[in-house]
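Chemist: My questions will all concern the structure given below.
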Amino acid sequence: MKSLEISEVAKRSGLPASTLRYYESLGLIESTGRHGLKRLFHPSVLERLDIISLSRWAGFSLEEVGDWFGRDGKVSINKAQLAQKADEVEKRAAQMRALSKIIRHTSQCPKNNHLECENFRKLMKIARRYRPRKAN
């Protein structure tokens, strides 16, 4: 397969060349050489960039993602990490549903002062569960 210049990888992936260079400095992707001053990449780098983007969207750190890539170029995603991340996402989704209820109720509450609304006060108590805690 024909190597891709960094500008082509940037165009196809939607990532700026600066991000590609940064990922390369972290060892997440690897250039195969140069054409003049331009880095060259194997076309399979696009698939690796998709994995990085998907994992970042899911909330994984670049360090965690880097652990998935072997020196042999193979990807080995830690299934226990995925399960834990799924649990975190579900918890966050529940928090977002609760927040949505609060916002929806507040937008439709007939009371002029929301603090006089019994339902709003109940929702405020629920929101306490999601308040950030101070570390001891």
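Derivation of every value follows stated rules applied to the coordinates shown; laboratory data play no part. Here the structure is a predicted model, which means the values were calculated and not measured. As a convention, Cβ positions derive from the backbone with ideal geometry for all residues, glycine included, and neighbour counts pool all protein chains shown.
Chemist: Calculate the translational D of the stretch 87-128 in whole µm² s⁻¹ from Stokes-Einstein, where the hydrodynamic radius comes from the Kirkwood formula applied to all Cα pairs, the temperature is 10 °C and the viscosity 1.306 mPa s.
Modeler: Stokes-Einstein gives a translational diffusion coefficient of 146 µm²/s.
Chemist: Say the cut-off is 32 Å between C-alpha atoms; which of Lys2/Lys74; Lys85/Lys122; Lys38/Lys79; Lys91/Lys122 go over it?
Modeler: Lys38/Lys79
Chemist: Right, here's the next one. Which of (1) 7.7; (2) 10.9; (3) 13.2 is the computed mean projected area of the Cα convex hull in nm² for the structure on display?
Modeler: Only one option fits the structure, namely (3).
Chemist: Here's a follow-up. Among the trypsin sites (Lys or Arg not before Pro) within the stretch 44-99, which fall in a DSSP loop and have no more than 13 other Cβ atoms within 10 Å of their own Cβ?
Modeler: Those satisfying the criteria are Arg71, Lys74.
Chemist: Which value in deg cm²/dmol, rounded to the nearest 500, describes the helix-derived mean residue ellipticity at 222 nm for the chain, given -39,500 (n - 2.57) per DSSP H run of n ≥ 4 and division by the residue count?
Modeler: Here the helix-only value at 222 nm equals -18500 deg cm²/dmol.
Chemist: Further, regarding this structure: Using the Kirkwood radius built from alpha carbon pairs, what does the Stokes-Einstein equation give as D for the stretch 4-68 at 37 °C and 0.692 mPa s, in µm² per second?
Modeler: 276 µm²/s
Chemist: Could you tell me which of Ala94, Asn78, Leu37 has its Cα farthest along the dipole of the chain towards the positive end, charges placed at Cβ (Lys, Arg +1; Asp, Glu -1), taken about the Cα centre?
Modeler: Value: Ala94.
Chemist: Report the Cα centroid-to-centroid distance between the stretch 7-23 and the stretch 67-108 in angstrom, as an integer.
Modeler: If you average the Cα positions of each part, the centres end up 26 Å apart.
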